[in-house]
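I have a structure here, written as structure tokens, and I will follow up with some questions on it.
Every number in this text was worked out from the coordinates using simple rules, so none of it is lab data. As the structure is a prediction and not an experimental result, all values here were calculated from the model. Using ideal geometry, Cβ is built from the backbone for each residue, glycine included, and neighbour counts are taken over all protein chains shown.
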Amino acid sequence: MAIQQAPRVINPWHVAQQQFDRAAALLELDPGLREVLREPRREFKIHFPVKMDDGSVRVFTGYRVHHNLTRGPAKGGIRYHQDVNLDEVKALAMWMTWKCAVVGIPFGGAKGGVAVDPKQLSKRELEGLTRRFTTELAVVIGPEKDIPAPDVNTNAQVMAWMMDTYSMHAGYTVPGVVTGKPVSLGGSEGRAEATGRGTVYCLEDALRHMGEDLAGQRVVVQGFGNVGGTAARLLHEAGARVIAVSDVTGGIHAPEGLDIKAVSRWMSEHGYVSGFPGAHTVSNAELLELDCDVLIPAALENQITAQNAPRIKARILAEAANGPTTPDADDILTARGVFLIPDILCNAGGVSVSYFEWVQDLNRDHWTESVVNAKLREIMDRSFGEVLVMSEREACDMRTAAYLLAVDRVASATALRGLYP
Ligand code: NAD
């Protein structure tokens with residue numbers, strides 16, 4: 001009788017620690033400092049009640065983790081997803097620390113989330129959950145100490161409710177407590193597109209390094225939400241051939257290229273990309289292995305593992321999602337010569353424009369979209385260049401190079417501040 005093996009569950013926190021350990025060993029980091037940076041500074045877990053539309057009360061579990069606050073206030077998104085758990089939030093918080101350091105933004109790393117499938121809630125229930133969660137978080141968040149932002153299944157509306165709830169408690173409007181707000185409430189121009197746009201800037205930098213450009217590149221995007229949907233649209237507009245996209249329900253593939261504007265219209269009418277006329281249906285697993293030049297995972301963690309890495313056909317892997325690739329898959333891809341743009345660099349456009357939003361809020365200022373995009377371009381180009389130089393100098397892959405830069409920056413800042421008391 002054939003024995004079916006259960007799929008191995010990959011813990012993102014173990015992945016994050018493994019990635020850090022590799023960099024710490026290469027940097028020959030002081031053992032004490034290594035211990036400090038290997039763990040989060042604070043882990044906050046909340047069980048909170050929400051009144052449902054039928055009058056019943058449900059208790060939800062939420063988290064906020066501060067990984068490291070050495071270089072500035074804590075910064076990181078809020079995720080609503082049924083699989084959110086403490087280890088995932090810890091991993092995402094640690095990745096935020098390195099991301100802010102790699103692009104030179106003066107923030108520390110944080111992340112938060114609630115274990116909930118928001119699609120099962122009414123809009124009123126979602127608002128109630130957000131407002132009560134924000135109230136519980138009020139002891140740890142604030143414009144000077146921890147500034148949340150959108151992540152998977154949260155958006156500008158959720159940020160507006162968070163800002164309003166925090167402001168109601170303060171007694172005055174505090175726009176700087178969250179970023180990713182609607183522009184009419186102190187949000188930044190360009191923030192909604194920033195993560196996808198930053199991914200495209202990195203991709204252009206990578207192609208320039210290879211002596212190529214975007215025109216005609218065959219691109220596959222996993223996840224058609226804020227990040228993946230924006231990246232696909234911008235790439236399509238820039239002349240790349242987006243041949244496949246997907247959402248949680250599955251993907252669509254058209255080797256001659258998809259009309260991304262038409263796919264977006266289909267998505268808003270139907271709620272998913274499947275069934276788009278003229279495209280073949282593919283599963284998310286098949287999509288990752290399609291013949292293409294560029295693969296952009298823009299959904300969740302652990303999509304590219306040792307199991308499927310040998311079959312990935314892309315020449316460039318641009319990690320718009322956080323943690324899409326496991327360390328053993330990294331080794332396989334590097335050996336196969338795939339050019340990797342690591343998540344802590346590739347998707348840093350989001351936190352960069354979040355930083356611009358925070359600065360504008362604190363200064364009661366408002367920049368134009370062209371100013372925002374020009375500043376974003378400058379940050380992404382400079383950071384990509386620094387990581388590339390490091391990878392050439394140390395003869396290592398781009399993830400290792402990004403970690404060497406980021407961990408060294410955080411470690412140096414920690415050493416300069418000294419140990420209190
Ligand atoms: P989103 O909720 O807007 O979109 C997520 C997309 O992924 C949706 O299309 C959803 O259907 C799809 N998806 C969900 N589960 C999936 C699965 N199991 N398989 C395939 N597709 C799946 O979220 P987002 O803000 O676009 O975030 C996507 C990724 O980008 C996450 O890893 C997030 O942490 C990362 N990220 C987001 C930002 C930001 O500014 N929003 C910034 C940096 C990094």
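Dipole magnitude of the chain about its Cα centre, charges +1 at Lys/Arg Cβ and -1 at Asp/Glu Cβ only, in debye to the nearest 20?
Approximately 800 debye in magnitude.
Relative to the Cα centre, what is the charge dipole magnitude of the range 295-356, using +1 at the beta carbon of each Lys and Arg, -1 at the beta carbon of each Asp and Glu, and rounding to the nearest 20 debye?
Dipole magnitude for the range 295-356 comes out near 300 debye.
By counting other Cβ atoms within 10 Å of each Cβ, how are Val220, Val372 ranked from fewest to most?
Going from least to most buried by this count: Val372, Val220.
Follow-up question, since we're still on this one. Using per-residue counts of other Cβ atoms within 10 Å, averaged over each peptide, order 140-147, 163-170 from highest down.
140-147, 163-170
Separate question: May I ask you to evaluate 6.51 cos²θ - 1.76 cosθ + 1.60, the Karplus curve with θ = phi - 60°, for each residue of the range 298-307 and list the ³J(HN,Hα) values in order in whole Hz, giving x for glycine and proline?
Values, residue by residue: 9, 10, 10, 6, 6, 8, 10, 10, 4, 5 Hz.
Something else about it: Cα centroid distance between the range 118-141 and the range 157-198, in Å?
Spelled out, the Cα-based centre of one part sits 15 Å from the other.
Here's something else I'd like to know. Return a whole-number percent for the relative contact order of the range 47-167, with Cα pairs under 8 Å and 6 or more residues apart as the contact set.
RCO, the range 47-167: 32 percent.
I would also like to ask the following. In straight Cα distance, which lysines are under 19 Å from Lys51, not counting same-chain residues fewer than 8 positions off?
Of all the lysines, those that pass the test against Lys51 - Cα under 19 Å, at least 8 places apart if same chain - are Lys119, Lys123.
A follow-up question, please. Say we join alpha carbon atoms closer than 10 Å with springs in a Gaussian network model of the chain; which of Ser56, Ser391, Ser283 then has the biggest fluctuation?
Ser56
Moving to a separate point now. Excluding residues on the same chain fewer than 8 positions from Lys375, give the lysines whose Cα lies under 21 Å from its Cα.
The reachable lysines, counting only those whose Cα sits under 21 Å from Lys375, are Lys75, Lys99, Lys181.
Next up: Is the C-alpha gyration tensor of the range 284-333 telling us rounded, prolate or oblate? Criteria: a/c under 1.5 is rounded; beyond that, a/b larger than b/c is prolate, otherwise oblate.
Because its axes are fairly even, with a/c under 1.5, the range 284-333 counts as rounded.
Of Val407, Val242, Val36, which is the most mobile in a GNM of the chain whose springs link Cα atoms less than 10 angstrom apart?
Val36
Another question, if that's okay. Among DSSP beta bridges whose residues both lie in the range 13-115, state the antiparallel percentage, nearest 5.
If we restrict to bridges inside the range 13-115, about 75 percent are antiparallel.
For the range 197-355, give the share of DSSP beta bridges that are antiparallel, in percent and rounded to the nearest 5; count only bridges with both residues there.
If we restrict to bridges inside the range 197-355, about 30 percent are antiparallel.
Also: Could you tell me the distance between the Cα centroids of the range 203-231 and the range 353-388, to the nearest Å?
20 Å
Ordered by residue, what ³J(HN,Hα) values in Hz, to whole numbers, does the range 41-54 give under the Karplus form 6.51 cos²θ - 1.76 cosθ + 1.60, where θ = phi - 60° and Gly and Pro are x?
So the J values, rounded to whole Hz, are 5, 9, 10, 10, 10, 10, 10, 9, x, 9, 7, 8, 4, 7.
Sort 84-92, 313-321, 335-343 by packing, meaning the average of other beta carbons within 10 Å per residue, with the highest value first.
Ranked by mean Cβ neighbours within 10 Å, highest first: 313-321, 84-92, 335-343.
Give a residue-ordered list of calculated ³J(HN,Hα) values for the range 381-396 (Karplus: 6.51 cos²θ - 1.76 cosθ + 1.60, θ = phi - 60°; whole Hz; x for Gly, Pro).
Residue by residue, the range 381-396 yields 5, 5, 5, 4, x, 5, 5, 4, 4, 4, 5, 6, 5, 9, 6, 10 Hz.
Among 22-34, 247-259, what's the highest-first ranking by average C-beta atoms within 10 angstrom per residue?
Descending mean neighbour count gives 247-259, 22-34.
Also: Cα centroid distance between the range 245-275 and the range 58-108, in Å?
Spelled out, the Cα-based centre of one part sits 30 Å from the other.
Additional query: What relative contact order, as a whole-number percentage, does the chain give when Cα pairs under 8 Å and 6 or more residues apart are counted?
Answer for the chain is 16 percent.
I would also like to ask the following. Rank Ala279, Ala240, Ala262 by mean-square fluctuation in a GNM of the chain with C-alpha springs under 10 angstrom and give only the top-ranked residue.
Of Ala279, Ala240, Ala262, the most mobile in the Gaussian network model is Ala262.
I've got another one for you. Among the aspartates and glutamates, select those whose C-alpha is under 14 Å from the C-alpha of Lys90, and discard any that sit fewer than 8 residues away in the same chain.
List returned: Glu39, Glu43, Glu301.
Okay, next question. Based on alpha-carbon atoms only, what is the radius of gyration of the range 306-409 relative to the globular estimate 2.2 N^0.38 Å?
Scaled against compact globular proteins, the figure is 1.25.
Just for the chain, what percent of DSSP beta bridges are antiparallel, to the closest 5?
Bridges in the chain are about 50 percent antiparallel.
If a/c stays under 1.5 just call it rounded; otherwise compare a/b with b/c (prolate if a/b is bigger, oblate if not). Do that for the range 183-239, with a ≥ b ≥ c from the square roots of the Cα gyration tensor eigenvalues.
Taking the square roots of the gyration eigenvalues as a ≥ b ≥ c, the range 183-239 is prolate.
For the range 224-350, what mean projected area does the convex hull of the alpha carbons give, in nm²?
Its average projected convex-hull area is 7.2 nm².
For each of Met96, Met52, Met398, count neighbouring Cβ atoms within 10 Å of the residue's Cβ, then give the residues from fewest to most.
Final ranking by Cβ density, sparse to dense: Met52, Met398, Met96.
Let a ≥ b ≥ c be the square roots of the eigenvalues of the Cα gyration tensor of the chain; is it rounded (a/c under 1.5), or, if not, prolate (a/b larger than b/c) or oblate?
It comes out rounded by the Cα gyration axes.
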